[in-house]
Amino acid sequence: MAVWRHSQRVEPCIPARGCTYWNGAAMESTDYVDLDEIPEAVTSPTAAAARNAAHLARTLKSAQLAVRIMLMHS
């Protein structure tokens, strides 16, 4: 029962700062794909979001393995 209860708390969601975007200067026509280089203000949060997603995936995979081992020994 405890495993099910905890699994209900881990739902697919987009956390705060879970996405990054390009917001060009107001009233200009420059699109993200038109940039010669990507601004650091965009690359840094994107890299952080990727690291956080990878960490979450590893954590959930590890937790899933721990639950399987626990169930095998119960």
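The values are calculated or read from the model by the stated rules, or taken from the named source; none is laboratory data. From a predicted model like this one, the values you see are computed outputs, not experimental measurements. Ideal geometry is used to build each Cβ from the backbone, glycine not excepted, and the neighbour counts take in all protein chains shown.
What's the total number of residues in the range 25-54 that are hydroxyl-bearing (Ser, Thr, Tyr) and touching a Lys or Arg at 6+ places or on another chain (Cβ under 9 Å)? So that I can check it myself, show each step before the final result.
Looking only at the range 25-54, we keep the residues that are hydroxyl-bearing (Ser, Thr, Tyr), and these are 29-30, 32, 43-44, 46.
Applying the additional criterion that residues be touching a Lys or Arg at 6+ places or on another chain (Cβ under 9 Å) yields none.
Total meeting the criteria: 0.
Considering only the range 1-43, state which residues are of a type in the set (Phe, Trp, Tyr) and either at pLDDT 60 or above or touching a Leu at 6+ places or on another chain (Cβ under 9 Å) (or both). If you could, list the steps in order and put the result at the bottom.
To start, the set of residues in the range 1-43 that are of a type in the set (Phe, Trp, Tyr) comprises 4, 21-22, 32.
Answer for the range 1-43, where residues must be of a type in the set (Phe, Trp, Tyr) and either at pLDDT 60 or above or touching a Leu at 6+ places or on another chain (Cβ under 9 Å) (or both): 21, 22, 32.
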With surrounded by 11 or more Cβ atoms within 10 Å (Cβ to Cβ), at pLDDT 85 or above and out of contact with any Pro (no Cβ under 7 Å at 6 or more places or on another chain) as the only criterion, which of 59, 46 stands out? 59
